[in-house]
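The values are calculated or read from the model by the stated rules, or taken from the named source; none is laboratory data. If you're wondering where the values come from, they're calculated on a predicted model, not measured in any experiment. Cβ sites come from the backbone with ideal geometry, for glycine too, and all protein chains shown count toward neighbours.
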Amino acid sequence: MSVKYKFWNANAVYFVTFSVIDWIDVFTRNTYREILTASIEYCIQNKGLVVHAWVLMSNHVHLVVSLQPESTNSFSDIMRDMKKYTSMQLIKAIRENEKESRKDWMVHLFQRAGRRNSNNTQFQFWQQDNHPIEIKDEQQCYSTIQYIHNNPVTAGWTKLPEQYPWSSATDYAEEKGLITVAVMELVHVK
């Protein structure tokens, strides 16, 4: 029996992950990364999403998020809309990219996943769940943000987290990153 993960508390901070179906390495091209980061920024500016930390890897994204107190949107609605919009835009960008050598293969996998899922009509880009985990305390928050920022280091892409531009690690190093981040003042609690 599977566990259904949900956003239970609108006032909480959550660690959220969503992944491309079959763990396809889509986000290896800046044009695809820019579609996702622009959508996250749109949700920040227009839907009440607050992003405290994030990293975009080749086939998934991690976020630490909360909602602005005056937001009329729920976490679930924001994540659903973001995933729906980005899946359409990303598939379109892949199909129209003349330089995309993996186009036919990726589109085939997105179509196959879409046919298997009754929630979709043609394509499925993202895996179905968001797997939100409520962050309960400062230690968990600190550890989660460290984990997120160290993803590119662990992958061997950079030596330091702040060297990877597709992450909020630059914001935590007191530089401006690619999207608007509400940096959390965290003290490592032992």
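Any idea which of (1) over 27 Å from Glu185 (Cβ atoms); (2) buried (at least 18 other Cβ atoms within 10 Å of the Cβ) is the one Leu63 doesn't satisfy?
Looking at each condition in turn, Leu63 falls short on (1).
Checking the conditions here, which among Thr31, Thr86 is touching a helix residue (DSSP H, G or I) at 6+ places or on another chain (Cβ under 9 Å), more than 25 Å from Lys136 (Cβ to Cβ), surrounded by 20 or more Cβ atoms within 10 Å (Cβ to Cβ) and hydroxyl-bearing (Ser, Thr, Tyr)? Even if it seems obvious, please write down each step before you answer.
Values: Thr31 fails: surrounded by 20 or more Cβ atoms within 10 Å (Cβ to Cβ).
Every option except Thr86 fails the conditions.
In this structure, is Lys92 surrounded by fewer than 18 Cβ atoms within 10 Å (Cβ to Cβ), free of Cβ contacts under 8 Å to residues at least 60 places away in the same chain and more than 21 Å from Gly177 (Cβ to Cβ)?
Numbers: surrounded by fewer than 18 Cβ atoms within 10 Å (Cβ to Cβ): yes; free of Cβ contacts under 8 Å to residues at least 60 places away in the same chain: yes; more than 21 Å from Gly177 (Cβ to Cβ): yes.
Against the criterion (surrounded by fewer than 18 Cβ atoms within 10 Å (Cβ to Cβ), free of Cβ contacts under 8 Å to residues at least 60 places away in the same chain and more than 21 Å from Gly177 (Cβ to Cβ)), Lys92 qualifies.
For Lys83, are the conditions met, namely being of a type outside the set (A, V, I, L, M), touching a Lys or Arg at 6+ places or on another chain (Cβ under 7 Å) and closer than 18 Å to Asn59 by Cβ?
The answer is no for Lys83.
Mind telling me which of the residues Trp54, Trp23 ends up being at positive phi, of a type in the set (A, V, I, L, M, F, W, C) and in contact (Cβ under 8 Å) with a residue 12 or more places away in the chain?
Details: Trp54 fails: at positive phi.
Result of the check over Trp54, Trp23: Trp23.
It is to be established whether one or more residues within the range 170-181 are hydrophobic (A, V, I, L, M, F, W, C), modelled with pLDDT of 95 or more and in contact with a His (Cβ under 9 Å, 6 or more places away or on another chain).
Within the range 170-181, one or more residues are hydrophobic (A, V, I, L, M, F, W, C), modelled with pLDDT of 95 or more and in contact with a His (Cβ under 9 Å, 6 or more places away or on another chain).
Go through Ser74, Ser66, Ser87, Ser143 for me and flag whichever is small (Gly, Ala, Ser) and either over 20 Å from the mean Cα position of the chain (by Cα) or more than 23 Å from Glu41 (Cβ to Cβ) (or both).
Result of the check over Ser74, Ser66, Ser87, Ser143: Ser143.
If the requirement is being polar (S, T, N, Q), out of contact with any His (no Cβ under 9 Å at 6 or more places or on another chain) and touching a residue at least 40 places away in the same chain (Cβ under 8 Å), which of these qualifies: Asn30, Asn73, Asn97, Asn46?
Numbers: Asn30 fails: touching a residue at least 40 places away in the same chain (Cβ under 8 Å); Asn73 fails: touching a residue at least 40 places away in the same chain (Cβ under 8 Å); Asn46 fails: touching a residue at least 40 places away in the same chain (Cβ under 8 Å).
On inspection, the qualifying residue turns out to be Asn97.
Can you pull out the residues in the range 34-55 that are in contact with a helix residue (DSSP H, G or I) (Cβ under 7 Å, 6 or more places away or on another chain) and under 20 Å from Glu100 (Cβ atoms)?
Those that are in contact with a helix residue (DSSP H, G or I) (Cβ under 7 Å, 6 or more places away or on another chain) and under 20 Å from Glu100 (Cβ atoms): Ile35, Leu36, Ser39.
Tell me yes or no: at least one residue of the range 129-143 is under 19 Å from Phe18 (Cβ atoms) and among the aromatic types (Phe, Trp, Tyr). It would help to see each step written out before you state the result.
From the range 129-143, those under 19 Å from Phe18 (Cβ atoms) are 129-135; that's our starting set.
From what is left, the residues that are among the aromatic types (Phe, Trp, Tyr) are none.
For the range 129-143, residues under 19 Å from Phe18 (Cβ atoms) and among the aromatic types (Phe, Trp, Tyr): absent.
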